[in-house]
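A.B. asks: Quick one: the structure is below, and I'll ask about it shortly.
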Amino acid sequence: MKYAIIGTGAIGGYYGARLVRAGFEVHFLLHSDYRYVVENGLRVDSCDGSFHLKEPNVYDNTANMPECDVVIVALKTTNNHLLPSLLKPLLKPETIVLLIQNGIGVEPDVEKMFPGQPLAAGLAFICSAKAGPGHINHQFYGNINIGNYSCNDTVRFQQLIDDFRSAGIGAAEVDYLEARWKKAVWNMPFNGMTVALNTTTNLLLSCPSTHKLIYDQMLEVIGAANALGIKNIDKSFADKMIANTIKMPPYSPSMKLDFDFHRPMEIDYLYSRPIADAKSVGFNMPKLEMLEAELRFIEVKSDE
């Protein structure tokens, strides 16, 4: 299948580059890096083996890109208002839009923009950062879970997963809502807490007080998911996420990097939406509600 990458950063750039390396046709949209990548290519420094794409297919406007079978959206959700104009030139009726984005409620909102378009959720478990123009630093992990939101063609959906696996990426089909909420178990505590306390994941877990707070926040997310009827997620999953994070190198999640580089933070889908969904079924998340309020305060003050 033919792929397009919208958001050639730490995540989209990494997965797209792996697909190219495996022989797939991939078309990358770039903005600030466009001229650099045209002249120098795309470099991936990876714990699984570094490589360099000398002449990837790169564009600075989707109007010049071909229609594709799969469009991978790896933009921050704060830019989703751009999707109607960005995606229109790339889509055929059967094109799968794979949203590798953080938060709860992303797919229903994109579905309103593109009624009837096949959508899927990509939940990346990866430590990756953009180290510079055309330069991605992949530090740890790299698997992706893919949840089918509205793809009726199960053969094409399975082909998407098989293509990722052919590129050496650990990919698995998962239940859509279960996957979104499982990702939130990690995202909601660590993204916001690294911003609020100006720190990294390892330091949060090395301090007993913040270690316990992170764990309690994880249990709030699990409680919300259970209240919403989502199965296969319990306390043992929080234990697993804590253990996996301890193994990681010191890490700044995406929200911390956004804050550090004075970019908008993804508060709506990461906090406001799941908190509201939980409240709609009578479940409160007090520790995460407090964290959301702190992030709103930080956001306002950073804009002054």
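The values are calculated or read from the model by the stated rules, or taken from the named source; none is laboratory data. Note that the structure is predicted; figures quoted are calculated from it, not measured. Note: ideal-geometry Cβ built from the backbone for every residue, glycine included; neighbour counts use all protein chains shown. Ligands, DNA and RNA are stripped out before the accessible areas are found, and what is left, the full protein with its side chains, is counted by its heavy atoms. Shrake-Rupley method; radii C 1.70, N 1.55, O 1.52, S 1.80 Å.
A.B. asks: Out of 264, 253, 274, I need the residue that is under 27 Å from residue 140 (Cα atoms) and open to solvent by less than 10 Å² (accessible area, probe 1.4 Å). Which one?
C.D. replies: Matching residue, one of 264, 253, 274: 253.
A.B. asks: Could you please let me know if residue 174 is touching a Gly at 6+ places or on another chain (Cβ under 6 Å), closer than 28 Å to residue 110 by Cα, among the aliphatic types (A, V, I, L, M) and free of Cβ contacts under 8 Å to residues at least 60 places away in the same chain?
C.D. replies: Details: touching a Gly at 6+ places or on another chain (Cβ under 6 Å): yes; closer than 28 Å to residue 110 by Cα: yes; among the aliphatic types (A, V, I, L, M): yes; free of Cβ contacts under 8 Å to residues at least 60 places away in the same chain: yes.
When the stated conditions are applied, residue 174 passes them.
A.B. asks: Separate question: Mind listing whichever residues of segment 120-159 are aliphatic (A, V, I, L, M) and under 15 Å from the mean Cα position of the chain (by Cα)?
C.D. replies: 120, 121, 123, 124, 126, 129, 144, 146
A.B. asks: Could I ask something else about it? Quick one: count up the residues across segment 139-156 that are under 18 Å from residue 96 (Cα atoms) and surrounded by fewer than 18 Cβ atoms within 10 Å (Cβ to Cβ).
C.D. replies: Selection size over segment 139-156: 5.
A.B. asks: Please find, within segment 174-232, the residue that is most open to solvent (accessible area, probe 1.4 Å) out of those that are among the charged types (D, E, K, R) and farther than 22 Å from residue 279 by Cα.
C.D. replies: Taking the candidates together, the pick is 212.
A.B. asks: If residue 125 passes every condition in (1) aromatic (Phe, Trp, Tyr); (2) more than 24 Å from residue 248 (Cα to Cα); (3) in a strand (DSSP E or B) but one, which one does it miss?
C.D. replies: (2)
A.B. asks: Cβ-Cβ distance below 9 Å, separation of 6 or more or different chains: which pairs start in segment 224-241 with a residue that is of a type in the set (Val, Ile, Thr) and end on one that is open to solvent by 60 Å² or more (accessible area, probe 1.4 Å)?
C.D. replies: 230/175; 230/177; 233/226
A.B. asks: If you don't mind, there's one more thing I want to ask. Of the residues that sit in segment 234-250 and are within 20 Å of the chain's Cα centre (by Cα) and within 24 Å of residue 279 (Cα to Cα), which one is surrounded by the fewest Cβ atoms within 10 Å (Cβ to Cβ)?
C.D. replies: 237
A.B. asks: Something else about it: Among the listed residues 247, 231, which satisfies the condition of being out of contact with any strand residue (DSSP E or B) (no Cβ under 6 Å at 6 or more places or on another chain) and farther than 18 Å from residue 147 by Cβ?
C.D. replies: 247
A.B. asks: Sort out which residues of segment 158-178 are among the charged types (D, E, K, R) and either closer than 21 Å to residue 50 by Cβ or assigned to a helix (DSSP H, G or I) (or both), and write them in order of number.
C.D. replies: 162, 163, 165, 178
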